[in-house]
Protein chains: 2
Amino acid sequence: MADAAAPAPPTAELAAASISSPPPSSDLEPPTTRTRIRAILDAGDSLAGQSVVVGGWVKTGRQQGKGDFAFLEVNDGSCQGNLQVMVDKEVYPLARLTHTGTSVLVEGLLQKPPVEAKQRIELKVKKVIEVGEVDAAAYPLPKTKLNLETLRDFVHLRARTNTIGAVARIRHQLAYATHTFFDKEDFLYIHTPIITTSDCEGAGEMFQVTSLFSQAEKVDKELKENPAPSEADIEAAKLVVKAKGDAVAQLKAAKASKQEITAAVSELTKAKEAVLRLEERSKLKPGIPHRDDGSIAFENDFFKRAAFLTVSGQLQVETYACALSSVYTFGPTFRAENSHTSRHLAEFWMVEPEIAYANLHDDMNYAERYVKYLCKWLLDHCREDMEFMVKHVDKTAIERLELVSSTPFERISYTKAVEILEGTGKKFENKVEWGIDLASEHERYLTEVIFKKPVIVYNYPKGIKAFYMRLNDDQKTVAAMDVLVPKVGELIGGSQREERLNVLTQRILDADLPLEPYEWYLDLRRFGSVKHSGFGLGFERMILFATGLDNIRDVIPFPRYPGRADL
Amino acid sequence: MADAAAPAPPTAELAAASISSPPPSSDLEPPTTRTRIRAILDAGDSLAGQSVVVGGWVKTGRQQGKGDFAFLEVNDGSCQGNLQVMVDKEVYPLARLTHTGTSVLVEGLLQKPPVEAKQRIELKVKKVIEVGEVDAAAYPLPKTKLNLETLRDFVHLRARTNTIGAVARIRHQLAYATHTFFDKEDFLYIHTPIITTSDCEGAGEMFQVTSLFSQAEKVDKELKENPAPSEADIEAAKLVVKAKGDAVAQLKAAKASKQEITAAVSELTKAKEAVLRLEERSKLKPGIPHRDDGSIAFENDFFKRAAFLTVSGQLQVETYACALSSVYTFGPTFRAENSHTSRHLAEFWMVEPEIAYANLHDDMNYAERYVKYLCKWLLDHCREDMEFMVKHVDKTAIERLELVSSTPFERISYTKAVEILEGTGKKFENKVEWGIDLASEHERYLTEVIFKKPVIVYNYPKGIKAFYMRLNDDQKTVAAMDVLVPKVGELIGGSQREERLNVLTQRILDADLPLEPYEWYLDLRRFGSVKHSGFGLGFERMILFATGLDNIRDVIPFPRYPGRADL
């Protein structure tokens, strides 16, 4: 890697990229002192004259001056921008550097480009420390622009493209902004379980988590190598026991030596153990274990019952809200729905805050403040990547962030929303009337056409919402709220939770759900119950909203959907 | 909840706990302006005279002055400390407030305690806004101290105890410190997949993720309601087709009207469709779908192949490191091992950074700096909870953090470590000799007895390490490193990854693994390969190390282990 004479970092600022360390152990390569390209581009020509080590991948490379030197556009992922790297043919064979995708670790001098160019700084290479070559003919990502759909067949390489790289940086910033927002607000991050034996809403297709297949495979293999004993085998073994028992009896009757008797007893014991082992093995059955009624015997599974992948951490995180007051979870959630749309994934990430002593109004305030915070954060921390999105994906992407971060959200009741939609006289694909669940077309019409800004719709009919949402005094609606934003429609769904034991119990029964699995949830209302509220933000939806990208499969590193779980 | 005349937050500092909002909608309860207890205790008696709303749970309550007033110790989870709350009997029936676990939302005046007490500030209640009562006889968490093992039967309530509350705050801070550390170091947070079709090390028991059981259940139900057609059913339907066909032929022969013929053809078509439907349904088989050879037909599963829960995000995160240079993943990982120890969970969280252009030396530097950062962060942000741990759990807990945050880690090769252990003459349960995997007793002896500080052991025998670790020039060892710390032994395991295509290919074959599933991993070495390194930190181990707690089931909110997945 870097040789022992690697240059010291040129400035205190740049040193952040390297790390302090004790004197190198003699039997280890010395550490690498690499400077991030972002730090160089941010500092610009003030760094001219400094010596640095830079590593990255060649985006484009070209030989010039009749092959006397080459220009490489090098990117290391720290930003959208590339560093222009100039290499003389005396330093390294240029043809091995210029292919797209080649990785280089080089040491050189930062300088102002000799000719006035768009770059403010470039690197003149003194030494090529390391090269990872590319067979251009075999490389699946040529220099030409690839469409995002094609890239999904190369999830292990697509992060090397400008778009997916920008998405990765935006995703990182949104995640860090989320943690920062909630930390500042005194929320505790709670890791709710991924494997669960609860079902959040008594609905939704869940993936099952099991070891029964691998258990069955083991048993099958074991039985193939060593078939289960037959009844005859067991009978034969029992005859041996009888014979050994007789032998002991005879020795005793004949007053044989203690040694002889002990030896015979030992043989008898072994014979008895052999019978037990055979009887045990005779119970082994190939395949998945079933109960007598033909159903699968999940009591033999790892958790001694059926277990699933979570569809939401809400119910579990409520247990922490009802103890520590302000909490949130941010983790993967799962749906085994056979959806092939651009808006659904089988595995996706959700942010779910839950707040004690908060009513629906507080909930809406938190939701609005959180979304604004995310938008503002991206404008402050991802300007370059957002400009890339504006140029290549959605020219309104930055405007949208500015609008949402600065405009108070409209807040209207569901009843009012239905009135407004009916009043437009517009013919929607899904007919609007009080009681329906608003469809995406309605939501987008409200936020994009009617109000031209984010809208919070609240107090939905109870019939279309989950049992845990607090029943309003009108007995017809529940204290639910959805945040609708341009481009994606529903970004957040939330509610005040039903904190009254008797009402909640009735709502569970009304939903045709059994009470027993919810006893722990009811306990939260039995013992020191509190009004509390929360919401969920689909993290990938937020990225779609921010970037303007259309397909959710492009905003998560490793998309999972029916038939696909690459890597 | 809070009434419309809720007091304004008393100071700018305290206002952070409430949130700004637009004018309240007329059909919504006004929002709640609650002040966090931590903010009050931190500010102390400087707040005397201010009016606030506070919500929380009663830790202990007692009536005094012959029942004229009551003192409540109230906690809202924002800190370990309780706020002393004083209520006169004129304000509220005291007996309904004093039971442990009762929740209260109260408005009152902050004041210096009348008698000199250990509290610097207390709340004199003017109004009880809301109470969630507790039936003390039924409440599973009485005032008396409960042991942690018993509490595991009440995971939905145990966050209300001092110990589990402190763990939650420490866990939150460690998570936020992790994200902050890596963000500052220019790392991108990558969400690696939870559902995977890769196996990280070709080892370890994995949970399988499936929809086959629910699919089978649906088919079984469907067949019960509507049994599959018999061959006779199908034959009968075919006879109908024949009859309808004959009818059409006869009408045509008889030159019947176009209308009559059309009607007959339509009936014939319906009869043919009925046969197709019956034939399709006759293929429905109850139970899990099997292939002809008796194995399970995973091609019918959701992802059209067998899929599993990840055991590590490393291999996948390498794809991002080989594109964007400095990345990390922090997410849940899973092992279906039948371990009943205090150190194993079926679901646990891992932090896994991966760094391009970094060798083993860099890797060790990052690991050391990260662990120090976490320790320092806890000393700076969790002093009160750490003091609680010192008092109730492990009196050396703070000393340990101070030691680790300030002392350079010892770094020794595996070979040297074995020499040292052999040199002690100590009789270990597991015999020490070159080539063994160090056991926990060896690791703890090195860090706790020999060096009395963290130790990084590096360059392990290749036979005991994974295929992806870089082969050293000696051909006997690989560039692996483990960070050992007092109290838990191995806290981090890492390595430089094998970046040479030919060496890596051979290592996969030597490990008796098939190449095909690793083609994507090999692609990273085919196209612009880079030296890169990474490590994994078991997040729960870090919490055990920090708190001094003994059982890993107590440092994760919802522990999963054989036979248990509550909630």
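The values are calculated or read from the model by the stated rules, or taken from the named source; none is laboratory data. The model shown is predicted, which means the values in this text are computed figures rather than measured ones. Using ideal geometry, Cβ is built from the backbone for each residue, glycine included, and neighbour counts are taken over all protein chains shown. Ligands, DNA and RNA are stripped out before the accessible areas are found, and what is left, the full protein with its side chains, is counted by its heavy atoms. Shrake-Rupley method; radii C 1.70, N 1.55, O 1.52, S 1.80 Å.
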Seminar exercise, completed: Just one listed residue, out of B:Leu544, B:Leu567, is in contact with a helix residue (DSSP H, G or I) (Cβ under 9 Å, 6 or more places away or on another chain) and away from every other protein chain (no Cβ under 14 Å), and it is B:Leu544
Problem set entry | Set B:Arg383, B:Arg343: member being out of contact with any Phe, Trp or Tyr (no Cβ under 6 Å at 6 or more places or on another chain), at pLDDT below 95 and either farther than 20 Å from A:Ile556 by Cβ or not hydrophobic (A, V, I, L, M, F, W, C) (or both) | B:Arg343
Exercise. Within the stretch A:437-449, restricting attention to residues that are more than 27 Å from the chain's Cα centre (by Cα) and open to solvent by 20 Å² or more (accessible area, probe 1.4 Å), which residue is nearest to A:Thr341 (Cα to Cα)?
Worked result: A:Glu441
Seminar exercise, completed: Those residues of the stretch A:450-469 which are part of a strand (DSSP E or B) and either among the aliphatic types (A, V, I, L, M) or buried (at least 21 other Cβ atoms within 10 Å of the Cβ) (or both) amount to A:Val455, A:Ile456, A:Val457, A:Tyr458, A:Asn459, A:Tyr460, A:Met469
Problem set entry | Test result for B:Val404, of a type in the set (A, V, I, L, M, F, W, C), open to solvent by 40 Å² or more (accessible area, probe 1.4 Å) and closer than 30 Å to B:Ile164 by Cβ | no
For this session: Can you run down the residue pairs with Cβ atoms below 7 Å, 6 or more apart or on separate chains, where the first is in the stretch A:280-292 and modelled with pLDDT under 90 and the partner is assigned to a loop (DSSP other than H, G, I, E, B)?
Result: A:Arg281/A:Ala228; A:Arg281/A:Pro229; A:Ser282/A:Ala228; A:Ser282/A:Pro229; A:Leu284/A:Ala228
For this session: Quick one: in the stretch B:152-179, of everything that is assigned to a loop (DSSP other than H, G, I, E, B) and not polar (S, T, N, Q), which residue is nearest to the other protein chains (Cβ to nearest Cβ)?
Result: B:His156
For this session: Would you point out the residue of the stretch A:246-290, among those that are surrounded by 13 or more Cβ atoms within 10 Å (Cβ to Cβ) and acidic (Asp, Glu), that is nearest to A:Asn226 (Cα to Cα)?
Result: A:Glu279
For this session: Kindly indicate whether any position in the stretch A:75-85 is away from every other protein chain (no Cβ under 14 Å), assigned to a loop (DSSP other than H, G, I, E, B), touching a residue at least 12 places away in the same chain (Cβ under 8 Å) and surrounded by fewer than 18 Cβ atoms within 10 Å (Cβ to Cβ).
Result: no
Exercise. Taking the stretch B:86-108 as the region of interest, how many residues are under 25 Å from B:Asn162 (Cβ atoms), among the aliphatic types (A, V, I, L, M) and surrounded by fewer than 22 Cβ atoms within 10 Å (Cβ to Cβ)?
Worked result: 3
For this session: Please verify whether the stretch A:116-131 includes one or more residues that are at the interface with chain B (Cβ under 10 Å from one of its Cβ atoms) and without any contact (Cβ under 8 Å) to a residue 40 or more places away in the chain.
Result: yes
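Give me a count of the residues in the stretch B:129-140 that are hydrophobic (A, V, I, L, M, F, W, C) and either touching a Pro at 6+ places or on another chain (Cβ under 6 Å) or surrounded by 17 or more Cβ atoms within 10 Å (Cβ to Cβ) (or both).
3
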Exercise. Can you name every residue in the stretch B:538-560 that is buried (at least 21 other Cβ atoms within 10 Å of the Cβ), more than 13 Å from the chain's Cα centre (by Cα) and not in a helix (DSSP H, G or I)?
Worked result: B:Leu549
Problem set entry | Output for the stretch B:373-394, where each listed residue is closer than 18 Å to B:Asn551 by Cβ and not in a helix (DSSP H, G or I) | B:Val393, B:Asp394
Exercise. Looking at the stretch A:478-526, which of the residues that are part of a strand (DSSP E or B) and surrounded by fewer than 22 Cβ atoms within 10 Å (Cβ to Cβ) is farthest from the other protein chains (Cβ to nearest Cβ)?
Worked result: A:Glu490
Seminar exercise, completed: B:Lys143 passes all but one of the listed conditions (1) facing chain A (nearest Cβ under 8 Å); (2) modelled with pLDDT under 95; (3) surrounded by fewer than 16 Cβ atoms within 10 Å (Cβ to Cβ); the exception is number (1)
Problem set entry | Set B:Val52, B:Val58: member being under 16 Å from B:Val131 (Cβ atoms) and not polar (S, T, N, Q) | B:Val58
For this session: Sort through B:His344, B:His392 and tell me the only one that's under 24 Å from the mean Cα position of the chain (by Cα) and surrounded by fewer than 17 Cβ atoms within 10 Å (Cβ to Cβ).
Result: B:His344
Exercise. Which one of the conditions (1) facing another protein chain (nearest Cβ under 10 Å); (2) touching a helix residue (DSSP H, G or I) at 6+ places or on another chain (Cβ under 9 Å); (3) open to solvent by 10 Å² or more (accessible area, probe 1.4 Å) does A:Glu149 fail to meet, given that it meets all the rest?
Worked result: (1)
Exercise. For the subset of the stretch B:35-58 comprising residues that are in a strand (DSSP E or B) and not hydrophobic (A, V, I, L, M, F, W, C), which member is farthest from A:Ala321 (Cα to Cα)?
Worked result: B:Ser51
Exercise. What about A:Thr192, is it at the interface with chain B (Cβ under 10 Å from one of its Cβ atoms), assigned to a helix (DSSP H, G or I) and open to solvent by less than 20 Å² (accessible area, probe 1.4 Å)?
Worked result: no
